[in-house]
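Remarks on the structure that follows.
Since every read-out is calculated from the coordinates, none of them should be taken as a lab result. All figures in this text were calculated on a predicted structure; none of them were measured in a lab. Glycine gets a Cβ as well: all are built from the backbone with ideal geometry, and neighbour counts include every protein chain shown.
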Amino acid sequence: MKCKDNNSGFFLFWRGAIMQLKITTDYAIRIVYYLACRSEVITASELAYELKIPESYIPKITKKLKEANIITACEGIKGGYSLAKKTEDISLFDIISATEITMRLNRCLEEDGFCSRNATEHCKVHKILLDVQQTYDNLLKGIKVSEIIKPDADELSE
């Protein structure tokens, strides 16, 4: 699986298939990345300016990240946002699941297991999708913010 940032949203590729995440999720990933790189309290206006996110949108995104215990908010004159956990304790799965309505690839994989055919027990497509879902979830759970902020080999040679 590859992650690609095309400046209009994160795309997740898996064996040629593509899943596009909401722009809110793209912004959330960028915010967490920026906070991880800075390791200090960052204001909403700085996040908006540096990450090219509308400032009025920052509270919506940070609220979701706070509810997921990924970031904390410090109020007051010197207020802003910082990470609530160590970077090695925050996965891409944590960030994405905080902002996406669902992480499931198909309706039959939701918690209630709804199938219009009532066939989840013996449906081959369901079994294949379940395998893909588990691979997808495990991959995202394995990608930690601490890995994302490490410079690549080509960045080190610059």
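Numbers below:
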{"quantity": "Within segment 56-93: backbone nitrogen closer than 13 Å to the Val41 label point (7 Å, Cα to C-beta)", "calculated": "72-83"}
{"quantity": "Violating pairs (Cα-Cα greater than 32 angstrom) within the set Lys22/Lys127; Lys52/Lys78; Lys124/Lys150; Lys85/Lys124; Lys63/Lys124", "calculated": "Lys124/Lys150; Lys85/Lys124; Lys63/Lys124"}
{"quantity": "Neighbourhood charge, 11 Å Cβ-Cβ cut-off, centred on Ala68 and excluding it, Lys, Arg +1 and Asp, Glu -1", "calculated": "+2"}
{"quantity": "Three-way shape call for segment 19-136 based on the alpha-carbon gyration tensor, with the a/c threshold at 1.5", "calculated": "prolate"}
